[in-house]
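Trainee: The structure is given below, and queries will be raised subsequently.
The values are calculated or read from the model by the stated rules, or taken from the named source; none is laboratory data. Source: prediction; values computed, not measured. For neighbour counting, all protein chains shown are included, and Cβ atoms are generated from backbone atoms with ideal geometry for every residue, glycine included.
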Amino acid sequence: MDTTTKHVFAFEEGNGKNKHLLGGKGANLCEMTQIGLNVPPGFVISTAACLDYLATPDHALPAGIMDDVHAQMRALEQKTGKGFGDSENPLLVSVRSGSAMSMPGMMDTILNLGLNEQTLQGVIRATGDARFGYDAYRRFIQLFGKVALGVHDEAFDKEFAAIKEAAHAKQDVDLSATDLKETAERFLKVVQDATGRPFPSDPYEQLEIAIKAVFNSWGGKRAVDYRKQFHITPEMANGTAVNVVTMVFGNRGDDSATGVAFTRNPASGENKLYGEYLVNAQGEDVVAGIRTPKPIDRLKVEMPEMAKQLDELRDKLESHYHEVQDFEFTIEQGQLYCLQTRNGKMNTVAMVRTSIEMEQEGLINKQQALLRIAPDSLEQMLFPRLDPTVKADAVAQGLPASPGAASGIAVFDADRAEQLGHEQGLKVILVREETKPEDIHGFFAAEGILTSRGGKTSHAAVVARGMGKPCVAGAEGISVDVDRREARVGLTSFKEGDVITLDGTTGKVYLGAIPTVEPDFTPELNTLLGWADAVARLKVLANADTPDDARRARSYGAVGIGLARTERMFNDVERLPIVIEMIVAETPEKRQEALDRLLPLQRKDFRELFEVMSPNPVTIRLLDPPIHEFLPDEHVLERELSELRVLAQNARGVTVLAGAMGLLHASDALRHEVDTARRHIDPAVVEEVIAKKEAMLRKVRALYETNPMLGHRGVRLGITFPEIYQMQVRAILEAAAECAKAGIQVKPQIKVPQVCTAAELRKVKTFVDAIHAEVAERYGKPVSFKFGTMIEVVRACLRAESLAEEAEFFSFGTNDLTQATFSFSREDAENKFLPLYNQSGILQDNPFDVLDVKGVGKLMKLAVDWGRSVKPDLHVGICGEHGGHPASIAFCHEAGLDYVSCSGPRVPVARLAAAHAALQGQ
Ligand code: PEP
Ligand code: MG
């Protein structure tokens, strides 16, 4: 190890910008100190020291580090006028974790370090408050015991409950100094029993153990799971720093308090200090949700001077960080301290609103307003809310902690949520009294979270908001019985497996499932996306096959349809029989008959799409999938045929029987019965059905392909069955002509799928031109349209120059192009070998989600450059799933594409991603 490396930094000297080295919290404490905020004195031990420590086999601290810590402690003693271990005027510190990425509650913190039997007496003397001293001591023993020595909480909780019961104390504040003294004594014994050793009383020994414990918590299961879930890579955060900070106390009486606040409301974005505080309490009381805190507005009444200072602190934080801050404060006997600050985690509604308002206030510019929002997060604004027309009575009301609505079965612990939610795929709502960081896997598996205790800044609320999951917190009317897996609400109750609904926007809880409706865009989102469109170069179109899809996509801001897959129109229940007739037709005349019936239906489809999107372009792709996909399954047909054959034989038998009745001199009644049976099944009808089914089976067998994805599909179909494509082209051009006649502006674009050679395009173009001329003559005016090709096979990329001679536009079908480039079946790879490829790191991402820039992207670049070398104004876009994925959109921007096309709900994401791409490319 390089012993010259500096690992320990006083808050006055650490570089506030170096979060990687000092952790987010440490860097901010340095920065806050250096801009003159009232931060308790302290120092940071770097993340590099943590990595060195974890890398040594016996987990040894880097050489010399404790000497530096001693020197820093001496400096703290000077700054505070107190002594570490001094029994007259003792210095106490907190030891806090903090990595470069915020991981709320995932790692450990120890408070009141430095207390022992002697310093405790010093604290009591200095404060004149024995109750305060013993309270601090018992908290320290428990926290240190748990975090640094691995003693289970339950052992402490049991003793504490016994003391509370004996003292008839409802809350912790009801306990006397004597009760707390006894608590501390019992806690010391708990530690001794659990560890087999006395509680360490030397403050420096405590400090060293604590530093190591915080370093170790980086590798703890909670932290590792969290990093995995949120894809926190070593480049983003590697190791945790340790912050050693002078303790200040919010529990020094009624002129002391502690709280957490956001500079703006993290649920709505409202420009108003938002938070909670508790008088005469320590910070952990607020976060743990043990006592229900007061809203920050109350501080104006209880401590007006402090409320004023808090407002000033808020302004200073925002004007320095140019970002909403989530900060902790403590008031110690009338003195306000800022203990930490970080960028506030907010839901997307709040992110968008604050972007707009902070820009208007001049705190940030438009670029910053756009760049501070992750494009993917905009999907949160499309979350469902409860259908307002449904009348339902809430059974409980809690705090609206994280917006959105969700229904699911109630489960009462995180393991069960994981089991039922992740493993069995059920929709679950996690119901707890309060949540703790170790419940995190339950959050991942749940649709929503409900707690009966704690405030809007409790663990449950903060984590759910970050995840964008609905959460109702502190629904105190609910009493949760984990053992019985049941919750009581007034006179009613619900058990595990019962469906409940949460509305995280109003804080209401309902029994049963309540329908939800799609959310609306907020005006702020429209403003933000307007700014995005102004800087983006890429246009955003939508993949939409129906007028409804198109309408929704348009309302999300799509400026056209980049892909309408016509096969969905073929699959409509009323049309399928006609489509089947077209396929099984034995003669061209019969096929034409079926196509003639399909033509008006398709014309209507296209006309509706044109109308909805007018005057924007609508790109219609001619039929792509192999036509046997529209026919019934071969095995089903075979089974039906054998049953029909039995039926035909029976019908013939009944006919013979009816004819033979005369031989039996049967009664009139019996003759009548047999005759009725004969008339019920007509053998001729059965034979006719058999003949049709046989014809269909022959066709199914004739069309059978081992590899249909690589077979008779796309343009190959258009060449071998030109009349299908001709019908579609006619329907498109006639629909456009009808619209034009009705004064509706349209921009039809016809695109041909699966093209690999220019000759295919030329062939299709010949009949497109012929039909175009015919339609022009009939409607008295030619319609203008564009003719282009999908680029989704490798050869199309390599022959882009010759394709560009025939096509006015290229549209990359990266679903197929990815399949073709990797030779991975898009149908099977994702549930066969791809997960293992990703887990083992052979492939970083799933290439069907994230565009493979190195391979597929390289082909795309070649195709763009070669295509434009022939036709400089060649219009190029993408319509595979990657068109809605932010990193892939960034690549499309860089590769010079003109547009991306994606599903409707991804349109806002793509608009913002396109703006990010343009800004980051500058
Ligand atoms: C593609 O291949 O990317 C594409 C858009 O077409 P489809 O998914 O319909 O094959
Ligand atoms: Mg395709």
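Trainee: Which one is farthest from residue 566 (Cα to Cα), of the residues in the stretch 629-664 that are of a type in the set (D, E, K, R) and assigned to a helix (DSSP H, G or I)? I'd like the intermediate steps shown before the answer.
Mentor: Step one: list which residues in the stretch 629-664 are of a type in the set (D, E, K, R), which gives 629, 633-634, 638-640, 643, 645, 652.
Checking the rest, the ones that are also assigned to a helix (DSSP H, G or I) come to 629, 634, 638-640, 643, 645, 652.
Working: 629: 14, 634: 24, 638: 30, 639: 31, 640: 30, 643: 35, 645: 37, 652: 45 Å.
Selected residue: 652.
Trainee: Out of (1) assigned to a helix (DSSP H, G or I); (2) under 22 Å from residue 191 (Cα atoms), what's the single condition that is false for residue 124?
Mentor: Only one criterion is unmet by residue 124, namely (2).
Trainee: Would you mention how many residues in the stretch 62-102 are under 18 Å from residue 208 (Cβ atoms) and part of a loop (DSSP other than H, G, I, E, B)?
Mentor: So the answer is 7.
Trainee: In the stretch 803-840, what residues are within 28 Å of residue 231 (Cα to Cα), of a type in the set (Asp, Glu) and in a helix (DSSP H, G or I)?
Mentor: Result: 816, 830.
Trainee: Regarding residue 919, is this residue in contact (Cβ under 8 Å) with a residue 40 or more places away in the chain, more than 16 Å from ligand 1 (Cβ to nearest atom) and in a helix (DSSP H, G or I)?
Mentor: yes
Let's see how each residue does on (1) crowded, with 19+ Cβ neighbours inside 10 Å; (2) touching a residue at least 12 places away in the same chain (Cβ under 8 Å); (3) under 28 Å from residue 507 (Cα atoms); (4) basic (Lys, Arg):
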position	(1), (2), (3), (4)
240	yes, yes, no, no
263	yes, yes, yes, no
274	yes, yes, yes, no
314	yes, yes, yes, yes
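Trainee: Test residue 181 against the criterion of being more than 25 Å from residue 215 (Cβ to Cβ), of a type outside the set (Phe, Trp, Tyr) and surrounded by 15 or more Cβ atoms within 10 Å (Cβ to Cβ), and give yes or no.
Mentor: So residue 181 fits the description; yes.
Trainee: Something else now. Would you tally the residues in the stretch 803-814 being touching a His at 6+ places or on another chain (Cβ under 7 Å) and within 16 Å of ligand 1 (Cβ to nearest atom)?
Mentor: Total meeting the criteria: 2.
Trainee: Next question, about the same structure. Any idea which of 156, 132, 140 is farther than 23 Å from residue 222 by Cβ and crowded, with 16+ Cβ neighbours inside 10 Å?
Mentor: Only one candidate passes the filter, namely 132.
Trainee: Take residues that are touching a residue at least 24 places away in the same chain (Cβ under 8 Å) and either of a type in the set (Val, Ile, Thr) or within 16 Å of ligand 1 (Cβ to nearest atom) (or both) and tell me which of the helices (runs of 4 or more DSSP H) falling wholly in the stretch 665-740 contain 2 or more. So that I can check it myself, show each step before the final result.
Mentor: Numbers: elements: 668-680, 683-703, 715-720.
Ranges flagged: 683-703, 715-720.
Trainee: Checking residue 878 against (1) within 18 Å of residue 793 (Cβ to Cβ); (2) surrounded by 18 or more Cβ atoms within 10 Å (Cβ to Cβ); (3) over 27 Å from the mean Cα position of the chain (by Cα): exactly one of these is not met. Which one?
Mentor: For residue 878, the failing item is (3).
Trainee: Could you tell me which residue of the stretch 741-754 is farthest from ligand 1 (Cβ to nearest atom), considering only residues that are of a type in the set (S, T, N, Q) and crowded, with 16+ Cβ neighbours inside 10 Å?
Mentor: By that ranking, first place goes to 749.
Trainee: While we're looking at this one, here's another question. If residue 557 meets every condition in (1) over 26 Å from residue 613 (Cβ atoms); (2) in contact (Cβ under 8 Å) with a residue 40 or more places away in the chain apart from one, which number is that one?
Mentor: (1)
Trainee: What pairs come up if the first residue lies in the stretch 814-827 and is under 12 Å from residue 793 (Cβ atoms) and without any contact (Cβ under 8 Å) to a residue 40 or more places away in the chain, the second is part of a helix (DSSP H, G or I) and more than 8 Å from ligand 1 (Cβ to nearest atom), and their beta carbons are under 6 Å apart, counting only those six or more places apart or on different chains?
Mentor: 820/794; 821/855; 821/856
Trainee: Filter the stretch 291-335 for residues that are within 30 Å of residue 356 (Cα to Cα) and acidic (Asp, Glu) and give the result. Please lay out each step first, then the result.
Mentor: If we filter the stretch 291-335 for residues that are within 30 Å of residue 356 (Cα to Cα), which is where we start, we get 294-300, 306-329.
Residues satisfying the conditions are 297, 311, 312, 315, 318, 323, 326, 328.
Trainee: Another one. Condition test on residue 881, is it among the charged types (D, E, K, R), on the phi < 0 side of the Ramachandran plot and within 16 Å of ligand 2 (Cβ to nearest atom)?
Mentor: yes
Trainee: Could you check the stretch 815-866 and list, in sequence order, the residues that are polar (S, T, N, Q), within 18 Å of residue 887 (Cβ to Cβ) and more than 16 Å from ligand 2 (Cβ to nearest atom)?
Mentor: First, pick out the residues of the stretch 815-866 that are polar (S, T, N, Q): 815, 818-819, 821, 823, 825, 831, 838-840, 844, 846.
Checking the rest, the ones that are also within 18 Å of residue 887 (Cβ to Cβ) come to 815, 818, 821, 838, 844, 846.
Those that are polar (S, T, N, Q), within 18 Å of residue 887 (Cβ to Cβ) and more than 16 Å from ligand 2 (Cβ to nearest atom): 838, 844, 846.
Trainee: Also, quick follow-up: From the residues in the stretch 557-569 that are in a helix (DSSP H, G or I) and within 16 Å of ligand 2 (Cβ to nearest atom), which one is modelled with the lowest pLDDT?
Mentor: By that ranking, first place goes to 568.
Trainee: Could you tell me which numbered condition residue 348 fails, if it satisfies all but one of (1) surrounded by 21 or more Cβ atoms within 10 Å (Cβ to Cβ); (2) at pLDDT 90 or above?
Mentor: It is condition (2) that residue 348 fails.
Trainee: Being modelled with pLDDT under 95 and over 18 Å from residue 619 (Cα atoms) is the filter here, so list the residues in the stretch 892-905 that pass it.
Mentor: 905, the sole residue that qualifies.
Trainee: Residue 889 - would you say it is modelled with pLDDT of 90 or more and part of a helix (DSSP H, G or I)? Reasoning before the result, please.
Mentor: Values: modelled with pLDDT of 90 or more: yes; part of a helix (DSSP H, G or I): yes.
Yes, satisfied.
Trainee: What about residue 763, is it more than 25 Å from residue 851 (Cα to Cα) and assigned to a loop (DSSP other than H, G, I, E, B)?
Mentor: No; evaluated as a whole, the condition is false for this residue.
Trainee: Only one of (1) within 40 Å of the chain's Cα centre (by Cα); (2) within 16 Å of ligand 1 (Cβ to nearest atom); (3) crowded, with 21+ Cβ neighbours inside 10 Å is not met by residue 828, so which one is it?
Mentor: With (1) within 40 Å of the chain's Cα centre (by Cα); (2) within 16 Å of ligand 1 (Cβ to nearest atom); (3) crowded, with 21+ Cβ neighbours inside 10 Å applied to residue 828, the lone miss is (3).
Trainee: Any idea which of 554, 575 is away from ligand 2 (no atom under 16 Å from the Cβ) and in contact with a strand residue (DSSP E or B) (Cβ under 8 Å, 6 or more places away or on another chain)?
Mentor: From the options 554, 575, the qualifying one is 554.
Trainee: Being free of Cβ contacts under 8 Å to residues at least 40 places away in the same chain and charged (D, E, K, R): is that true of residue 586 here?
Mentor: Values: free of Cβ contacts under 8 Å to residues at least 40 places away in the same chain: no; charged (D, E, K, R): yes.
The answer is no for residue 586.
Trainee: Continuing with the same structure: Can you name the residue in the stretch 784-797 that is crowded, with 17+ Cβ neighbours inside 10 Å and closer than 30 Å to residue 738 by Cα and is also farthest from ligand 2 (Cβ to nearest atom) among such residues?
Mentor: Filtering first and then ranking leaves 785.
Trainee: Next question. Among 865, 849, 898, which is the only one that is surrounded by fewer than 24 Cβ atoms within 10 Å (Cβ to Cβ) and within 16 Å of ligand 1 (Cβ to nearest atom)?
Mentor: Result of the check over 865, 849, 898: 849.
Trainee: Could you tell me which of the residues 804, 776, 800 is surrounded by fewer than 16 Cβ atoms within 10 Å (Cβ to Cβ) and more than 14 Å from ligand 2 (Cβ to nearest atom)?
Mentor: Among 804, 776, 800, only 776 is surrounded by fewer than 16 Cβ atoms within 10 Å (Cβ to Cβ) and more than 14 Å from ligand 2 (Cβ to nearest atom).
Trainee: Moving on. Are any residues in the stretch 406-416 hydrophobic (A, V, I, L, M, F, W, C), farther than 21 Å from residue 385 by Cβ and at pLDDT below 95, and if so, which ones?
Mentor: Matches in the stretch 406-416: 414 only.
Trainee: Here's a follow-up. Which one is nearest to residue 335 (Cα to Cα) among residues in the stretch 7-47 that are part of a loop (DSSP other than H, G, I, E, B) and without any contact (Cβ under 8 Å) to a residue 24 or more places away in the chain?
Mentor: Selected residue: 36.
Trainee: Could you look through the stretch 775-802, keep only residues that are more than 22 Å from residue 858 (Cα to Cα) and assigned to a helix (DSSP H, G or I), and pick out the one that is nearest to ligand 1 (Cβ to nearest atom)?
Mentor: Result: 775.
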